[in-house]
Amino acid sequence: MSDTPVLLTQRLVKVYATGATEVRALRGIDLTVNRGEFVAVMGASGSGKSTLMNILGCLDVPTSGTYDLDGERVNGLDRNALADIRNRKIGFVFQGFNLLARTSAVENVELPLLYDRSGKHLGSRKLALEALDRVGLSDRAHHMPNELSGGQQQRVAIARALVTRPALLLADEPTGNLDSRTSVEVLALFQQLNGEGITIVLVTHERDIARYTKRVVELRDGHIIRDVAVADRGVAADDLRSLAVDDEAV
C-alpha cells in the first residue's frame, strides 16, 4: 500500500472578489489525510468548510497554495483535466442523494462507469451490481428511487460513489435528509467501508455524526482551529443494536 497521502494541501488560500471587496474564505490551510482515514470536517456557516470541500472535490480551484490528490498535483489543471481526476479519484455522496428519478438503482450506480473513457472498467452492469451488494442492496437493484426509503436511496448513492473504486469517498452532509436511526445505519455502512480500507472525508455540522469518525478537523474564519483524533468514538453497529432493543422494550 502506498504511503502517499490521499489528500495533501499546503498553504491553501481562496479569495473571492465581490465588487471592490475581497473575501478570504481560506487563509492558508495545511491538511493531510492518509489512506484509510475517516475524517469529519466541521465548521459554522462562513467558516470556509464548503469552500474547502469544493476545492478538495476538484469543483473549485485555490487562489494560491498547493493541493495533491492521491499523489497528483491538482492546482493548475484546466477544467477538463480537473473533471478527469475528479471522475477517477473521487466518489461523491450528497445530502440530497442526487439519483435520477426514472432510472433504476443499478442504472444509477452504473452511470459513472458509462462516463469513464479510460476503458479501465469493463462490464459496467456487473460492477454496479457488485457495488449494490457491497452496501446491502442487491435485492433492490431494479427498484426505482421512489420505491426506496431515504436510507436505501443514500445506500444507492454510496454504491454509485464506490463503483469506480476511487481513492477518496467525499460525503457532504450525507445524513442531512435522514432521521436519527437511518443516519446511524448510514454511519454503520461508512464505518464498515472504512474498515475495508476506504478513505472517507465527511462534512457535517453535527457533533453526534462526527463522533463516528476517527478524526475531526474544525474550521473557523478560513483557518483550521482544531485537528484531533476522536477520543470516545461511537460504534454505529452497536448503537443500532441498542436502538433495536429499546424498540422491543416499548
* Structure fact -> From the Cα centre of segment 24-64 to that of segment 169-228, the distance in Å is 14 Å
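Below 8 Å, C-alpha to C-alpha, sequence gap of six or more: please give me the relative contact order for the chain in percent. Each step should come with its number before you reach the end.
Values: 482 pairs, mean separation 64.0, N = 250.
Relative contact order, the chain: 26 percent.
Could you calculate the FRET efficiency of Asn34 with His223 from 1/(1 + (r/R0)^6), where r is the beta carbon distance between them and R0 is 22 Å, rounded to 0.05?
The pair Asn34/His223 has a calculated efficiency of 0.50.
Using a 10 Å cut-off on Cβ atoms, rank the peptides 73-84, 206-217 from the highest mean neighbour count down.
Averaged packing, sorted descending, gives the order 206-217, 73-84.
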* To do: Between Leu111, Leu12, Leu187, find the one with the highest GNM mean-square fluctuation for the chain; connect C-alpha pairs within less than 10 Å.
  => Leu111
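What translational diffusion coefficient, to the nearest whole µm²/s, does segment 1-141 have by Stokes-Einstein, given a Kirkwood radius computed over alpha-carbon pairs, a temperature of 20 °C and 1.002 mPa s viscosity?
Values: Rh = 17.3 Å.
The Stokes-Einstein estimate is 124 µm²/s.
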* **Separation of the Arg73 and Leu114 label points, Cα + 7 Å toward Cβ, nm** => 3.7 nm
* Set the Förster radius R0 to 22 Å, insert the Cβ-Cβ distance between Ala244 and Glu147 as r into 1/(1 + (r/R0)^6), and round the FRET efficiency to 0.05. => 0.35
* Structure fact -> Answer in debye to the nearest 20: the dipole magnitude of segment 96-175 about its Cα centre, from +1 Lys/Arg and -1 Asp/Glu charges placed on Cβ, is 260 debye
* Asked: Residue separation times 0.36 nm, minus the C-alpha to C-alpha distance between Ser64 and Ala20: what's the value?
  -> 13.9 nm
* Asked: What distance in nm separates the simple spin-label points at Arg11 and Asp208, each placed 7 Å from Cα in the Cβ direction?
  -> 4.3 nm
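Quick one: dipole size for the chain, taken about the Cα centre, charges +1 on Lys/Arg Cβ and -1 on Asp/Glu Cβ, in debye to the nearest 20. If you can, show how the numbers build up before the last one.
Working: 30 positive and 33 negative charges, 155 e Å.
In debye, rounded to 20, the chain gives about 740.
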* To do: Would you mind checking the radius of gyration and Dmax of the chain based on alpha-carbon positions, in Å?
  => 18.5, 62
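No lab work stands behind these numbers, since they all come straight from the coordinates. Here the structure is a predicted model, which is why all the values come from computation and not from measurement. Here Cβ is always computed from backbone atoms with ideal geometry, including for glycine, and neighbour counts include all displayed protein chains.
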